[in-house]
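Trainee: Before anything else, here's the structure in question.
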Amino acid sequence: MSAETRSCFLFYLLLFSILLNSVTPSLAQIDPDNKSTRAKDLRAEYMDREKSILDAIQSVLKRRDDLERRITELYAERNKCDAATTKLKDELRRVQIQLLE
Amino acid sequence: MLSTNKPILLGLALSCIVGIINPTVAADESVIPTGWEMKGSRPNDYLVMIDPQQKRDGKPILIMQSKTSPIDGFGTVMQKISTEKYLGKRLRFSADVKSENVVDAAGIWMRVDAGSGNTIALDNMEKRPIKGNNDWKNYSVVLDVSPRGTQVCIGILTHSTGKIWVSNLKLEEVGKDVPVTDILNKDENPTAPVNLDFTQGTNK
């Protein structure tokens, strides 16, 4: 390698070092860690949302179960009323026949 | 003279024509057979008459049908008789009944009274009412006439709307082997003890 070539190589090496040094801080500014933080925030946000949706589903299911129970109770109540009505109607008819003169 | 009577003659002629065209005007009135009475909570809502078109086993058929709809009540054709001949006896009142579109209930009934307003035995077929459309079938009610009894009432009834044909009515004495259908003096206890060895399950 001639002296001229070597000095040229050293010059370019120096220039590359300077350029690399000037570029490195700007790469740091992009900050992959910063990206990761936002993803974590988003994940936390999604987890909160997921939890609130699951809570809402549980709440709706509980309401549904309560309504199912209430419906069953009301059906039982209605059946009791039907039975009482039938009994009273029978009694009314008996009395009406007894009233015939 | 003739000219002054013209409107009257015209009116008479029109009445005759209306009578011919619309015979239901007269057919809307019940014709109750002798010995029977029309009673009930809504007796005027039913038309009762002898079927002019058919007989059953050569005997007349009584028709009872609702005239309006709905009817919140019932009508009955009934009669009362003294218990004089029947004291201490078991009586069966039966009839052949056919039904059409009976919405609520129809049937026959019998009652034994001990003095006015004191019913001591009754069956109005409340547990086996005739409903809907049914071909001819014999139905009966059986009651004991207590020595205290003063009168027996029998009848045919329809609750709410529908039409029934009734024929071949009978009131006859029956033996004690024929079970009574009394709904007032129903003995609901079994006639013999049950499950004495506890092998026939539990109540729940």
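Trainee: So B:LEU87 ticks every box in (1) over 15 Å from the mean Cα position of the chain (by Cα); (2) within 18 Å of B:VAL141 (Cβ to Cβ); (3) of a type in the set (A, V, I, L, M) but one. Which box is left unticked?
Mentor: Of (1) over 15 Å from the mean Cα position of the chain (by Cα); (2) within 18 Å of B:VAL141 (Cβ to Cβ); (3) of a type in the set (A, V, I, L, M), only one is false for B:LEU87: (2).
Trainee: Follow-up. From the list B:GLY155, B:GLY117, B:GLY149, B:GLY132, which residue is more than 22 Å from B:ILE50 (Cβ to Cβ) and crowded, with 22+ Cβ neighbours inside 10 Å?
Mentor: Step by step, each of B:GLY155, B:GLY117, B:GLY149, B:GLY132 is checked, and only B:GLY149 is more than 22 Å from B:ILE50 (Cβ to Cβ) and crowded, with 22+ Cβ neighbours inside 10 Å.
Trainee: Filter region B:38-62 down to the residues that are on the phi > 0 side of the Ramachandran plot, surrounded by 14 or more Cβ atoms within 10 Å (Cβ to Cβ) and not in a strand (DSSP E or B) and list them by number.
Mentor: Across region B:38-62, there are no qualifying residues.
Trainee: Further question on the same structure: Tell me the residue from A:LEU67, A:LEU88 that is modelled with pLDDT of 90 or more, among the hydrophobic types (A, V, I, L, M, F, W, C) and closer than 30 Å to B:THR119 by Cα, please.
Mentor: A:LEU88
Trainee: Shifting gears a bit: (1) within 14 Å of chain A (Cβ to nearest Cβ); (2) under 17 Å from the mean Cα position of the chain (by Cα): which one isn't true of B:ASN118, the others all being true?
Mentor: The single condition B:ASN118 does not satisfy is (2).
Trainee: Here's another thing I want to ask about it. Tally up the residues in region B:121-148 that are modelled with pLDDT of 95 or more, within 14 Å of chain A (Cβ to nearest Cβ) and touching an Asp or Glu at 6+ places or on another chain (Cβ under 7 Å), please.
Mentor: Of the residues in region B:121-148, 5 are modelled with pLDDT of 95 or more, within 14 Å of chain A (Cβ to nearest Cβ) and touching an Asp or Glu at 6+ places or on another chain (Cβ under 7 Å).
Trainee: A further question on this structure: Go through A:ARG64, A:ARG94 for me and flag whichever is in contact with a strand residue (DSSP E or B) (Cβ under 7 Å, 6 or more places away or on another chain) and of a type outside the set (Gly, Ala, Ser).
Mentor: None of the other options fit; the residue is A:ARG94.
Trainee: Does at least one position in region A:84-92 carry a residue that is away from every other protein chain (no Cβ under 14 Å) and without any contact (Cβ under 8 Å) to a residue 40 or more places away in the chain?
Mentor: Yes, that holds for at least one residue.
Trainee: Of everything in region B:30-84 that's closer than 29 Å to B:GLU172 by Cβ and of a type in the set (Asp, Glu), which residue is farthest from the other protein chains (Cβ to nearest Cβ)?
Mentor: The extreme case among them is B:ASP57.
Trainee: Hey, among the residues in region B:151-183 that are farther than 28 Å from B:SER69 by Cβ and charged (D, E, K, R), which one's farthest from the other protein chains (Cβ to nearest Cβ)?
Mentor: Filtering first and then ranking leaves B:ASP177.
Trainee: Among the residues of region B:94-107, how many are within 14 Å of chain A (Cβ to nearest Cβ) and buried (at least 24 other Cβ atoms within 10 Å of the Cβ)?
Mentor: Count: 2.
The values are calculated or read from the model by the stated rules, or taken from the named source; none is laboratory data. Quick caveat, the model's predicted, so the values are computed rather than measured. Virtual Cβ from ideal backbone geometry, glycine too; neighbours counted across all protein chains shown.
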